[in-house]
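The values are calculated or read from the model by the stated rules, or taken from the named source; none is laboratory data. Note that the structure is a prediction, hence the values are computed from the model and not measured. Cβ placement follows ideal geometry from the backbone for every residue including glycine, while neighbour counts extend to all protein chains displayed.
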Amino acid sequence: MDAQKDQHYWSDRPEAASRPGEVSLLLPDVDLTLATDRGVFSADRVDRGTRFLLLDGPPPPSGPVDLMDLGCGYGPIACALATRNPEATVWAVDVNERARELCRANAATAGLDGVRVVAPDDVPADLSLAGLWSNPPIRIGKEALHELLTRWLDRLTPDGTAQLVVQRHLGADSLARWLDGMGWTTTRRGSRKGFRLLEVTRGQPDTRT
Ligand SMILES: C[S@@+](CC[C@H](N)C(=O)[O-])C[C@H]1O[C@@H](n2cnc3c(N)ncnc32)[C@H](O)[C@@H]1O
């Protein structure tokens, strides 16, 4: 994560006075201008880890599937997923109310009707996810992060995959080992400029049916 100065970007209601801004999300297949603000993660530019995830991660599954952007912030991942699969419902989840408002506005401005922005407890209880994408909030602490990942990885369908981008020096490799120890299979899909791109699936990839 780049926004080390935003120590409290995961507050439910950021105290920082509003200072609206804009960033550009430019990828080979996505060209969006996104509204940002103080009190949300990486408000000055799209985070390098997020860019890496969107550039080197796989495309979302096609069709009318349910996907999640866990910890959506102002929505770069959710908006990219909805652009890439307009039939999908992309659940953009964040504890930070200001981030949710920005994500909602950014999806609406881009005409991305499939994005549903919700607080964690407002995700439907019976929702199963064909895919989960996240630049997870490592700085909330190991125990809270483990609880968070367990809560949402358990929603993956049997063939569902999660794509996580984590800085190596913030514990990407130990997180991968922890996930494997919990019965998930974690594959390093890529490594770039200190970031790891981790793909998480249930069981062994070659034995999944
Ligand atoms: C590293 S930021 C990534 C933000 C955005 N996806 C991006 O790429 O710019 C992680 C996000 O997780 C959110 N977060 C922290 N704890 C959370 C929780 N328990 N449930 C959902 N989101 C959470 C933070 O508010 C923050 O927006």
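Things to note:
- Condition check for VAL118: at pLDDT 95 or above and either touching a Ser or Thr at 6+ places or on another chain (Cβ under 7 Å) or surrounded by 24 or more Cβ atoms within 10 Å (Cβ to Cβ) (or both): no
- Candidates VAL90, VAL95: the one that is in a strand (DSSP E or B) and surrounded by 13 or more Cβ atoms within 10 Å (Cβ to Cβ) is VAL90.
- Criterion violated by GLY111 - all others in (1) at negative phi; (2) of a type outside the set (Asp, Glu); (3) part of a loop (DSSP other than H, G, I, E, B); (4) free of Cβ contacts under 8 Å to residues at least 24 places away in the same chain satisfied: (1)
- With respect to the conditions (1) buried (at least 24 other Cβ atoms within 10 Å of the Cβ); (2) assigned to a strand (DSSP E or B); (3) away from the ligand (no atom under 13 Å from the Cβ), THR33 falls short on a single one, namely (1).
- Pairs meeting the criteria (first residue in the range 131-157 and more than 15 Å from VAL93 (Cβ to Cβ), second residue hydroxyl-bearing (Ser, Thr, Tyr) and surrounded by fewer than 22 Cβ atoms within 10 Å (Cβ to Cβ), beta carbons under 7 Å, at least 6 apart or on different chains) are THR157/SER128.
- Test result for VAL46, within 9 Å of the ligand (Cβ to nearest atom), part of a loop (DSSP other than H, G, I, E, B) and in contact with a Gly (Cβ under 7 Å, 6 or more places away or on another chain): no
Yes/no matrix, rows are residues, columns are (1) touching a His at 6+ places or on another chain (Cβ under 9 Å); (2) exposed (fewer than 12 other Cβ atoms within 10 Å of the Cβ); (3) part of a strand (DSSP E or B); (4) at pLDDT below 95:
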| site | (1), (2), (3), (4) |
| --- | --- |
| LEU132 | no, no, yes, no |
| PRO136 | no, no, no, no |
| ARG139 | no, no, no, yes |
| LEU145 | no, no, no, no |
| LEU149 | no, no, no, no |
| ASP159 | no, no, yes, no |
| ALA162 | no, no, yes, no |
| VAL165 | no, no, yes, no |
| LEU175 | yes, no, no, no |
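Conditions (1) touching an Asp or Glu at 6+ places or on another chain (Cβ under 8 Å); (2) within 8 Å of the ligand (Cβ to nearest atom); (3) basic (Lys, Arg); (4) closer than 24 Å to THR185 by Cα, marked per residue:
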| residue | (1), (2), (3), (4) |
| --- | --- |
| VAL95 | yes, yes, no, no |
| LEU127 | yes, no, no, yes |
| GLY131 | no, no, no, yes |
| HIS146 | no, no, no, yes |
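- Which numbered condition SER24 misses (of (1) exposed (fewer than 14 other Cβ atoms within 10 Å of the Cβ); (2) within 9 Å of the ligand (Cβ to nearest atom)): (2)
- All positions within the range 68-87 that are touching a residue at least 40 places away in the same chain (Cβ under 8 Å) and more than 13 Å from the ligand (Cβ to nearest atom): THR83, ARG84
- Sole exception among (1) among the β-branched types (Val, Ile, Thr); (2) assigned to a loop (DSSP other than H, G, I, E, B); (3) closer than 16 Å to THR109 by Cα for THR83, by number: (2)
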